[in-house]
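Read the structure below first, then the notes.
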Amino acid sequence: MSETYPHIFTPLDLGFTTLKNRIIMGSMHTGLEDNSGNFSRLTQYFRERAENDVALIVTGGFAPNFAAWVKPFSGRVTNRTHVQRHTQFTNAVHEAGGKIALQILHAGRYGYHPFAVAPSAIKSPISPFRPWALSDRGVRNQIKHFVRCATLAREAGYDGVEIMGSEGYLINQFLVKRTNKRQDDWGGSLENRMRFAIEIVKQTRAAVGPDFILIYRLSLIDLVPDGQSWEEIVTLANRLEEAGVTIINSGIGWHEARIPTIATSVPRRAFTWLTKKLKQEITVPLVASNRINMPEVAENVLEDGSADLISMARPFLADPAFVRKAKANKREDINTCIACNQACLDHVFEQKIASCLVNPRACHETEIQINPAATIKRIAVVGAGPAGISCSTTLAERGHDVHLFEKDALIGGQLNMAKKIPGKEEFSEMLRYFTQRIKTTGVQLHLNTVVDAASLKQQDFDEIIIATGVVPRVPAIAGLDHPKVLSYIDVLRHEKPVGGKVAIIGAGGIGFDVAEYISEEPPSSTLDLESWLEEWGIADPEDFRSGLYKPQPKQLDSPREIYMMQRKSEKMGKGLGKTTGWIHRTTLKKRGVHMLRGVRYEEISDRGIRIRQGDGVEGSKWLDVDHVILCSGQLSLNDLTPDLTTDHYTPHVIGGAWKAGELDAKFAIDQGTRLALTL
């Protein structure tokens, strides 16, 4: 048992089996589930987590029939052919000393296909397809298919199943009147609306026997209008316990809710106050989830009695060895999930295989293998931003003699600005991990060191890698030399004073970051749970049904009047992440930021900035602002390659130095890692 985290490493006796610690790898859809051709990759993904002491792995969701699909041809378990394919998962996990449960997920009206079914024919806001209303016979068939899926899972060697009853999927849709308008035995009264969930659990338990882990994922707060009351949630939890669940897992919010629940701007352990409330009402073990990303956070949740188990999903994308490192008291070696969603959820929504911004090996374990180099080389890496760090540390891990040169006093490049943005404080953990990794891999770091082609040539390196990043792009606007003009680097890195009225040129990721930085007075609400809950209108569901006490999020005071502008006429922030862009737009709207599209910039002077929207004299107007902040893109910074390139030698160029665009740490880290495997 770890002396630092004693509660995490206390085994949990379930009666018929024991979990060796209190950490569950929660369900996370990766895209590998949807094609049996990727099952060998998924096997290795599970194996690595099991080898590193995760107590119980829950797979991504598998459908119990084709109507349950999240999308056409997504993963399902419906026959013995599927059983044979899944044995590779269970065998691999068991050989590694772990346990594994299959998540059974029925999308209901969230299904992105024309065969979707639901309690009532009510279209969801996140799917273009109106579902078919189930008949009484259809409801009973769906229950049978859940049970069949669970029995097949047992045949495949799974230790249990998780029945997905939260996040607005089919079972959730039966539970609330907003999506269940039925007047038969499956709708109307609470007893009838609960019947679907209870029958699934009761019949599943009867089919699989008493010695099989049966987890039910219960929505503790729906965060949509007309969701469940707390009394209904407690009643359902008690009935589920009577029906035979082994463990209750916690789900937070429906997918259609307009409140963030897992993004980086959500405070750590933001919803464990709900599990603590429910724990007083039930006797089976209860799992806490959402924004628990470091061992000390998990330990505190267990220590203060908020839960019996901790579920983490994305943290195991970031670091498969999370549990083993925590057990060895190596917290500093943990690669922290920063909850950015950029390579995990955003990839899945884009029909790509999930990965992780801070760990490109996630879900690519069979492809990205870090093996010792056949020939040891002396290698220079210029630039200690994300691309340079990922490349240099991977090279050093392979055994190369690596020298990392950085002109500034700190590593991280533009990450040092990102960590200052309200809601992006987790980027500090990323820098902490990078600093530790440079030490543990043996990279020789040279800070405050400017190198040129001549000095690099003199040191006789076998390979030189240019990772010098980007510089701000300066648009052609009259008056750019005016004192009112600042760059985003002036504001974020050098912290130059900004006046009370501000115009921001550019509405990409940097423009949004700057707008959030100058529109919120410190401290960030991400660091204060009570402020964050109030900001988003989240209440105790015991007092307000569904946990919503306001129909709209609270309007927020901003210390500045801000105009954010872009040349394009398309939606502001169109290039932001699919799962997080709406959060940024909503946040700035609440702070009263003016968003102007289709803008032409004409002149900057003592009067402010003159812009044009539309044609004619009336289309031109002055904005009386104190400062104009340039967030209009970047250009590659690479003045070394021409002087280093010879007939026999060409340096490697990665990250922003290779291709400028919106700042993209995900691409930079992935590219740096992959280059290091080739040298």
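The values are calculated or read from the model by the stated rules, or taken from the named source; none is laboratory data. Only a predicted model underlies this, so the values are computations on that prediction, with no experimental measurement involved. Here the Cβ positions follow ideal geometry from the backbone for every residue, glycine too, while neighbour counts run over all protein chains shown.
When the range 629-679 is limited to residues that are among the acidic types (Asp, Glu) and either part of a loop (DSSP other than H, G, I, E, B) or at pLDDT below 90 (or both), the one that is surrounded by the most Cβ atoms within 10 Å (Cβ to Cβ) turns out to be ASP664.
Report yes if PHE196 is in the same structural domain as ILE57 (by TED's automatic domain parsing), at pLDDT 95 or above, among the hydrophobic types (A, V, I, L, M, F, W, C) and closer than 19 Å to HIS106 by Cβ, otherwise no. So PHE196 fits the description; yes.
Restricting attention to the range 131-147, which residues are out of contact with any helix residue (DSSP H, G or I) (no Cβ under 8 Å at 6 or more places or on another chain) and assigned to a loop (DSSP other than H, G, I, E, B)? The answer is SER135, and nothing else. The criterion of being touching a strand residue (DSSP E or B) at 6+ places or on another chain (Cβ under 7 Å), over 27 Å from LYS407 (Cα atoms) and either in the same structural domain as HIS652 (by TED's automatic domain parsing) or loosely packed, with under 15 Cβ neighbours inside 10 Å (or both) does not hold for GLY479. Determine if the range 189-203 includes at least one residue that is touching a strand residue (DSSP E or B) at 6+ places or on another chain (Cβ under 7 Å), closer than 30 Å to GLY157 by Cβ and β-branched (Val, Ile, Thr). Yes: the range 189-203 contains one or more residues that are touching a strand residue (DSSP E or B) at 6+ places or on another chain (Cβ under 7 Å), closer than 30 Å to GLY157 by Cβ and β-branched (Val, Ile, Thr).
Here ALA503 fits the description: part of a strand (DSSP E or B), outside the structural domain of MET417 (by TED's automatic domain parsing), surrounded by 21 or more Cβ atoms within 10 Å (Cβ to Cβ) and modelled with pLDDT of 95 or more. Only a single item in (1) surrounded by fewer than 24 Cβ atoms within 10 Å (Cβ to Cβ); (2) out of contact with any helix residue (DSSP H, G or I) (no Cβ under 9 Å at 6 or more places or on another chain) is not met by ILE24, and it is number (1).
Checked against (1) part of a loop (DSSP other than H, G, I, E, B); (2) hydroxyl-bearing (Ser, Thr, Tyr); (3) in contact with a Pro (Cβ under 8 Å, 6 or more places away or on another chain), SER569 meets all criteria but (3).
Selection of the range 205-230 for residues being among the aromatic types (Phe, Trp, Tyr) and either under 26 Å from the mean Cα position of the chain (by Cα) or closer than 19 Å to LEU14 by Cα (or both) yields PHE212, TYR216. Of LYS501, LYS496, all but one fail to be in contact (Cβ under 8 Å) with a residue 24 or more places away in the chain and of a type in the set (D, E, K, R); the exception is LYS501.
Name the residue that is surrounded by the fewest Cβ atoms within 10 Å (Cβ to Cβ), counting only residues in the range 178-204 that are free of Cβ contacts under 8 Å to residues at least 40 places away in the same chain and under 34 Å from the mean Cα position of the chain (by Cα). The residue in question is ARG195. Keeping to the range 92-133, report how many residues are at positive phi and either among the acidic types (Asp, Glu) or within 24 Å of the chain's Cα centre (by Cα) (or both). Here the count works out to 1. Scanning the range 432-470 for residues that are hydrophobic (A, V, I, L, M, F, W, C), surrounded by 15 or more Cβ atoms within 10 Å (Cβ to Cβ) and within 36 Å of the chain's Cα centre (by Cα) returns PHE434, ILE438, VAL443, LEU445, ILE464, ILE465, ILE466, ALA467, VAL470.
Among the residues of the range 541-559, those that are modelled with pLDDT of 95 or more and touching a helix residue (DSSP H, G or I) at 6+ places or on another chain (Cβ under 6 Å) comprise PRO541, GLU542.
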